[in-house]
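Here the structure comes first, spelled out in structure tokens, and everything after it is commentary.
The values are calculated or read from the model by the stated rules, or taken from the named source; none is laboratory data. From a predicted model like this one, the values you see are computed outputs, not experimental measurements. Please note: Cβ atoms are built from the backbone with ideal geometry, for glycine as well, and neighbour counts cover all protein chains shown. Calculation scope for accessible area: heavy atoms of the full protein, side chains included, ligands and nucleic acids excluded. Shrake-Rupley method; radii C 1.70, N 1.55, O 1.52, S 1.80 Å.
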Amino acid sequence: MPKYLLLKHYRGGKAPLNDVPGDRWTESEWEAHVAYMDDFADRLRDSGEFVASAALSMDGEWVRYDGEGRPPVTDGPFAETKDLVAGWMLIDVDSYERALALASDLSAAPGAGGNPLGEWLEVRPVMEPAPTVTE
């Protein structure tokens, strides 16, 4: 079955229907949001479609190879995924249409006021197998 990555974004995408930033949510609104996400993952575990998921911290650094023993670490000056990607879920489903349907369901997680967030999720197919390079 094909795998798809569902990406949740802090910002950088289209505004959700319930466009109240998470830093203005109450504790109970956050608890309801996380409970929805947990219940959603449990339903996918039951159907055999869940692979993995995680929420991501806003903390993080960019690192690259810059010669032996010298990995530079920087916090900019470019757009950073820690500012953009809030979390992800990897699913294994029968079809692209099923991936879209699940992304839509996940987008309905409650936000401010307990209303569905209606956030835009990025749906990305996982390449299987990884591409090979031919010369």
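So residue 104 ticks every box in (1) open to solvent by less than 60 Å² (accessible area, probe 1.4 Å); (2) modelled with pLDDT of 90 or more but one. Which box is left unticked?
For residue 104, the failing item is (1).
Which residues, counting only those in segment 17-32, are modelled with pLDDT under 95 and open to solvent by less than 70 Å² (accessible area, probe 1.4 Å)?
Listed by number, the residues that qualify are 18, 20, 21, 22, 25.
Suppose the filter is open to solvent by 90 Å² or more (accessible area, probe 1.4 Å), more than 23 Å from residue 18 (Cβ to Cβ) and modelled with pLDDT under 95; does residue 134 pass it?
yes
Please go through (1) open to solvent by 40 Å² or more (accessible area, probe 1.4 Å); (2) more than 16 Å from the chain's Cα centre (by Cα) for residue 9 and return the number of the only condition it doesn't satisfy.
Failing condition for residue 9: (2).
Of the residues in segment 33-52, how many are acidic (Asp, Glu) and surrounded by 14 or more Cβ atoms within 10 Å (Cβ to Cβ)?
Residues that pass the stated criteria total 1.
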